[in-house]
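Accompanying notes for the structure given below.
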Amino acid sequence: MNDGGNATVGASGARQFAPLGEVLVIIPTYDEAENIQPIVSRVRSAVPAAHVLVADDNSPDGTGKLADEMAAADDHVHVLHRQGKQGLGAAYLAGFRWGIEHGYGVLVEMDADGSHQPEELPRLLTALKGADLVLGSRWIPGGRVVNWPRSREILSRGGSTYSRLMLGVSIRDVTGGYRAFRRETLEGLGMDEVASAGYCFQVDLAWRAHKAGYHVVEVPITFVERERGDSKMSRTIVAEALWRVTTWGVGDRVERLRGGPGHN
């Protein structure tokens with residue numbers, strides 16, 4: 001197992017994880033003016049010691065300006081202004097790099113629309129004390145979704161199942177985006193090699209963590225469909241995810257047949 005600098009092995013043989021450092025919650029935004037103030041306020045209430053980084057992709061609706069106003073009033077809120085809409089994965093990678101450069105020990109992914117409830121963040125952080133990566137899961141016992149049509153649930157469950165089987169991972173909610181990483185875990189995942197931009201970015205990082213041997217834990221969450229604003233999900237995003245997961249899975253199987261690195 002690759003501990004990635006996150007843990008040592010004690011005299012009893014059990015892994016001993018390093019204490020968690022400061023927490024940075026990364027919230028990517030594009031046209032989330034209706035949601036950004038409520039979600040940041042909820043994060044600050046749920047985990048007062050945490051810092052928030054709003055990674056805004058030059059939102060036409062003024063989300064970035066609202067974030068600047070919050071940052072001016074609260075030294076735990078920060079804003080990363082990006083040149084334009086480049087995809088969820090690119091926004092998170094930029095946020096991860098910003099957080100690592102500024103010395104944060106824990107980096108959290110969270111949607112701006114309220115689907116990831118900040119009130120559940122303490123449970124993810126508690127689990128991270130004994131893990132390298134914690135995933136908020138909709139598809140394990142205790143997890144659920146609220147206000148989703150049956151078609152959307154089937155699509156999400158199907159995408160997770162297909163990705164899990166294609167890539168050979170045991171993670172039940174491999175596509176979920178509510179996550180807490182230790183800094184050392186991210187540093188060990190080869191972020192410079194990540195090319196996926198859309199929602200398959202989540203599958204990419206989970207698969208990298210699995211292959212690297214990191215200890216990944218899932219905790220149940222309640223995923224709540226957004227009440228305000230428009231979903232960023234599209235057929236293009238789904239198609240990209242399907243294509244990339246299939247390519248990764250086939251490539252991994254070919255490498256196994258050839259006896260490539262880590263497959264002997």
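The values are calculated or read from the model by the stated rules, or taken from the named source; none is laboratory data. Only a predicted model underlies this, so the values are computations on that prediction, with no experimental measurement involved. With ideal geometry, Cβ positions are generated from the backbone for all residues, glycine too; neighbour counts draw on all protein chains shown.
For (1) surrounded by fewer than 17 Cβ atoms within 10 Å (Cβ to Cβ); (2) in contact with a Lys or Arg (Cβ under 8 Å, 6 or more places away or on another chain); (3) under 23 Å from Val145 (Cα atoms); (4) at pLDDT 95 or above, each residue gets a yes or a no:
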position	(1), (2), (3), (4)
Leu165	yes, no, yes, no
Val169	no, no, yes, no
Arg172	no, yes, yes, no
Leu186	no, no, no, yes
Gly190	yes, yes, no, no
Phe201	no, no, yes, no
Lys211	yes, no, no, no
Glu227	yes, no, yes, no
Ser234	yes, no, yes, no
Filtered residues of region 236-258 (kept if modelled with pLDDT of 75 or more and of a type in the set (Lys, Arg)) = Arg244, Arg258
Those residues of region 130-150 that are charged (D, E, K, R), over 16 Å from Val224 (Cα atoms) and more than 17 Å from the chain's Cα centre (by Cα) come to a total of 0
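So which of Thr29, Thr8 is of a type outside the set (Gly, Ala, Ser) and at pLDDT 95 or above? Quick ask: steps written out before the conclusion?
Numbers: Thr8 fails: at pLDDT 95 or above.
None of the other options fit; the residue is Thr29.
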Count, please, the residues in region 72-85 that happen to be assigned to a loop (DSSP other than H, G, I, E, B) and either surrounded by 21 or more Cβ atoms within 10 Å (Cβ to Cβ) or touching a residue at least 12 places away in the same chain (Cβ under 8 Å) (or both).
-> 6
Return the total of residues in region 86-130 being farther than 27 Å from Glu153 by Cβ, out of contact with any helix residue (DSSP H, G or I) (no Cβ under 9 Å at 6 or more places or on another chain) and not in a helix (DSSP H, G or I).
-> 3
Return a yes/no flag: does region 108-131 have any residue that is surrounded by fewer than 24 Cβ atoms within 10 Å (Cβ to Cβ), in contact with an Asp or Glu (Cβ under 6 Å, 6 or more places away or on another chain) and of a type outside the set (Val, Ile, Thr).
-> no
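Just to be sure, is Glu69 over 22 Å from Arg97 (Cα atoms), in contact (Cβ under 8 Å) with a residue 60 or more places away in the chain and not in a strand (DSSP E or B)?
Working: over 22 Å from Arg97 (Cα atoms): yes; in contact (Cβ under 8 Å) with a residue 60 or more places away in the chain: no; not in a strand (DSSP E or B): yes.
When the stated conditions are applied, Glu69 does not pass them.
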Condition met for Leu88 (modelled with pLDDT under 95, crowded, with 23+ Cβ neighbours inside 10 Å and within 18 Å of the chain's Cα centre (by Cα)) | yes
Pick out the one residue from Pro38, Pro60 that is surrounded by fewer than 23 Cβ atoms within 10 Å (Cβ to Cβ) and assigned to a loop (DSSP other than H, G, I, E, B).
-> Pro60
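Based on what the data block shows, is Val145 hydrophobic (A, V, I, L, M, F, W, C), within 26 Å of Ala33 (Cβ to Cβ), outside any helix (DSSP H, G or I) and touching a Ser or Thr at 6+ places or on another chain (Cβ under 9 Å)? Steps first, please.
On the way: hydrophobic (A, V, I, L, M, F, W, C): yes; within 26 Å of Ala33 (Cβ to Cβ): yes; outside any helix (DSSP H, G or I): yes; touching a Ser or Thr at 6+ places or on another chain (Cβ under 9 Å): yes.
It is true that Val145 is hydrophobic (A, V, I, L, M, F, W, C), within 26 Å of Ala33 (Cβ to Cβ), outside any helix (DSSP H, G or I) and touching a Ser or Thr at 6+ places or on another chain (Cβ under 9 Å).
Could you tell me whether any residue of region 23-31 is over 29 Å from Ala195 (Cβ atoms) and buried (at least 18 other Cβ atoms within 10 Å of the Cβ)?
no
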